[in-house]
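Report on the following structure.
The values are calculated or read from the model by the stated rules, or taken from the named source; none is laboratory data. Keep in mind it's a predicted model, so treat the numbers as computed, not measured. Virtual Cβ from ideal backbone geometry, glycine too; neighbours counted across all protein chains shown. Only protein heavy atoms, including side chains, enter the accessible area calculation; ligands, DNA and RNA are left aside. Shrake-Rupley method; radii C 1.70, N 1.55, O 1.52, S 1.80 Å.
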Amino acid sequence: MTTLLELAEGQSGIIHKLNMDRLLIQRLNAMGLRRGKKITVLRKAQFKGPFHIMIDTTELMIREHEASLINITSAAL
Amino acid sequence: MKRIAFLGMPNTGKSTLFNRLSGSSARVGNWPGITVDLHAVKTFLGGHMAELVDLPGIYDLQGLSEDEKIVQSFINNNKIDLAIVVLCSTQIERQLSLLLQLQKLHIPCVLALNMYDEAKKMGIAIDAVLLEKKLKTPVIKTSAKYGEGMVELLKACTQVINHKVSTPIKKIKPLNASDLISNEKTIQTLIKLTVKYPTKLNDKNTKKLDGLFLDPYWGLPIFFFIVFSIFQFIFTLGKPIQDLMTQFFNFFRLDYLEPLFINHHGIFESLLLDGLYLGVTTVAAFVPIIILFFLIMSVVEDSGYFSRAAFLMDTLMEKIGLDGRGFVMMLMGFGCNVPALMGTKIMRTKELRLLTMFVIPFSLCSARLQVFLFIITALFSATYGPLVLFCLYLLSFFTIFISALIFKHQFKNKEPIIIELPPYRFPTLSQIVKRSMIEIEHFLTRATKFIIIGVLLVWALTHFPMDVPIASELTYSGQLGKWLSPIFDPIGINEQLVIALIFGFIAKEIVIGALAVIYGVEGSALAHHLYSNVSQIQAISFMIFTLIYTPCLSTIATLKNESKNLSFVIYSVFWALLLAWVFSFIFYQTSLYFSS
């Protein structure tokens, strides 16, 4: 099992689990981050900065800490 | 009276839709359980008086964020006859959840599939008729930006509010895991039935622009160039307008107001002219800057670039507890603190916003620059003058960073920073103008009273008792200065300068004018007088203190309006005074030590 942290720029994965409390899961769900969804890392800022990710038509900026809480499985490319 | 609430996630064009339907007459109102400003308007709809309320954009009804709490409290404390749920058509899949949550509470809803023009462009097609049948809720395709679907939306709303509802509205309850899963299933089924996605989603423009704006090497230089241009535009255009206004106010005073009092010299004239009139003109002087600021900033915000700025600056800003948007506002503070503070509205996490508002007043604004330029030209040679000014700018940045670092745990941000990067969009002119008008009205209604009271207070301090010369050492301000001398002597600030600082509390623009009154000389004579009466070390210490102690009454009024928290304001003013004294003390004492 890997987390979003391990994806390189341009790589995608399938969200397997959100490791956080329910309220935060609900919030992330509403932002489009849901189990089974394909997630793509569009770019990472330099010096351990935030991630620019895409799920369907939604693009988000997410910090490293939150990225480490998102478990993913590899996507069939 | 029927109450109609606008609900939706952020970046769905909800407020644009609200503005479309409400005209230009939106006012700020009060509701039980709500402490923040919500825009509302009364209108006539389907034979009823109706009150339209624009609620903050939220992702989830249940959450604990500031905005979510506001919406929860509004729903639990106010009867809602209709909720207009606004969603962004291209993101319908994740946004339907809000509607389902509202339906569970038995709130009558109308769903606006907004930004339908964008969905069409992307090749996404939604079967609104079928969706309406399945949801048992009217569904209207709209494009608030271009005014499409407004008539249909109003018609649907009329039908719903004229329909008698018998089921009472429930209070918000936390969802359990099975609710979540069943909602999820409902949404998936609905989407499969009613939405057709193209095989490949493409938003080439946004991809291309992001490639440029978020480039690892060019992103930051472009960002600074954009911010610099905005800054130049707002303040080089705003300055002459402000100057013209000042000239007009002076002319009006000299030619029209003063002759009125030709036979009534004395305290009444002084109260009206030096007190009330000064207060009104102080407020008015901010109007052009605030309008210009929001004209430009709403373009930046609505275009989607602001979120990109947050992305670019996040790595650095995270370390001092701020975010990229706060950084932009801080830079804008170097023009004028007031609109910069108002602009922090876009940050929707309370702690983050408070910390940003806490540091903005340390930005060396153009009003303080005027004071420094006068003093520096009077006391320093052309070689050292620019260096002194440069050091003051450095000190300004240093104060901001040190304050953020010290207080970042105090205002600890408890929420994860996840920011949407919406597609790049062009706002329409009417959207921009409306936003500026709302902001300026907000400033005028909220700040005027506070500023005028403050000006009158300073007027009383510097004009009473009545039988002594104005602003002299015998007035209350002079006595206060004397009384405070144990505090100000160690930093080299004498009683006359303390009186100037008391004036400077109103606005930095009047410090030089105050010095002229205090010393009884003006212009180059004042410069000469300063040169022979104030040492360079004293002058720098005075400037350090002026830079940090408090920007102006309008800034404090804005701090109070925006934070709605008096103890926060007192806290921040006290910190500024303390920091000003400490820095001046360190500078003054070490300089004295080395020069002796």
Buried accessible area, chains A and B (both chains, 1.4 Å probe, Å² to nearest 100): 3200
Eligible lysines near B:K192 by straight Cα distance, threshold 19 Å, same-chain separation 8 or greater: A:K37, A:K38, B:K120, B:K133, B:K134, B:K136, B:K141, B:K200
Principal-axis tilt of helix B:324-333 within chain B, Cα atoms, nearest 10 degrees: 40
Protection proxy ranking, peptides B:441-454, B:506-519, B:183-196, average beta carbon neighbours within 10 Å, highest first: B:506-519, B:441-454, B:183-196
Cα-centre dipole for chain B with unit charges at Cβ (Lys and Arg positive, Asp and Glu negative), debye to 20: 2640
Neighbour net charge for B:S73 - beta-carbon separation under 13 angstrom, K R +1, D E -1: -1
Accessible surface, per residue, of the stretch B:386-484 when the full set of protein chains is kept, probe 1.4 Å, Å²: 53
Number of partner chain Cβ atoms within 10 Å, mean per residue of A:60-72: 3
Rounded if a/c under 1.5, otherwise prolate or oblate - the stretch B:395-504, Cα gyration tensor axes: oblate
Dipole moment magnitude, nearest 20 debye, the stretch A:2-74 about Cα centre, only Lys, Arg, Asp, Glu C-beta charged: 160
Other protein chain Cβ atoms within 10 Å, averaged over every residue that makes up A:44-51: 5
Shape of the stretch A:2-74, Cα gyration tensor, a/c cut at 1.5: rounded
Positive-pole candidate from B:T445, B:L220, B:Q159, dipole of chain B, charges at beta carbon: B:Q159
Spin-label model distance (nm) - B:I402 vs B:I470, 7 Å beyond Cα toward Cβ: 3.8
Residues in the stretch B:41-71 occluded by at least 30 Å² - accessible area, probe radius 1.4 Å, against chain by itself: B:Y59, B:D60
Carbon + sulfur, % of accessible area of the protein assembly as shown - ligands and nucleic acids excluded, 1.4 Å: 65
Global form of the stretch B:455-596, assessed from the alpha-carbon gyration tensor, a/c cut-off 1.5: oblate
1.4 Å probe accessible area per residue over the stretch A:2-74, in Å²: 42
DSSP bridge pairs, the protein assembly as shown: antiparallel proportion in percent, nearest 5: 65
Interface residues in the stretch B:158-181 - accessible area drops by 40 Å² or more relative to the isolated chain, probe 1.4 Å: B:L180
Charge dipole magnitude, Cβ of K and R +1, D and E -1 - the protein assembly as shown, Cα centre, debye nearest 20: 3020
Residue among A:A30, A:G49, A:Q11 farthest towards the positive dipole end of the stretch A:2-74, charges placed on Cβ: A:A30
C-alpha long axis of helix B:204-213 to longest principal axis of chain B, angle in °: 20
Accessible solvent surface per residue of the stretch B:258-308, calculated while the other protein chains remain in place, 1.4 angstrom probe, Å²: 39
Extension gain from B:Y571 to B:L373, taking 0.36 nm per residue of separation minus the Cα-Cα distance: 68.3 nm
Full-extension gain in nm, B:L154 to B:Y197, via 0.36 nm per residue minus C-alpha separation: 12.6 nm
Exercise: per-residue mean of other protein chain Cβ atoms within 10 Å, A:35-42: 1
Span from the the stretch B:176-209 Cα centroid across to the the stretch A:45-77 one, whole angstrom: 19
On Cα atoms only, tilt of B:429-463 relative to the major axis of chain B in degrees: 30
DSSP beta bridges in chain B [antiparallel fraction, %, rounded to 5]: 40
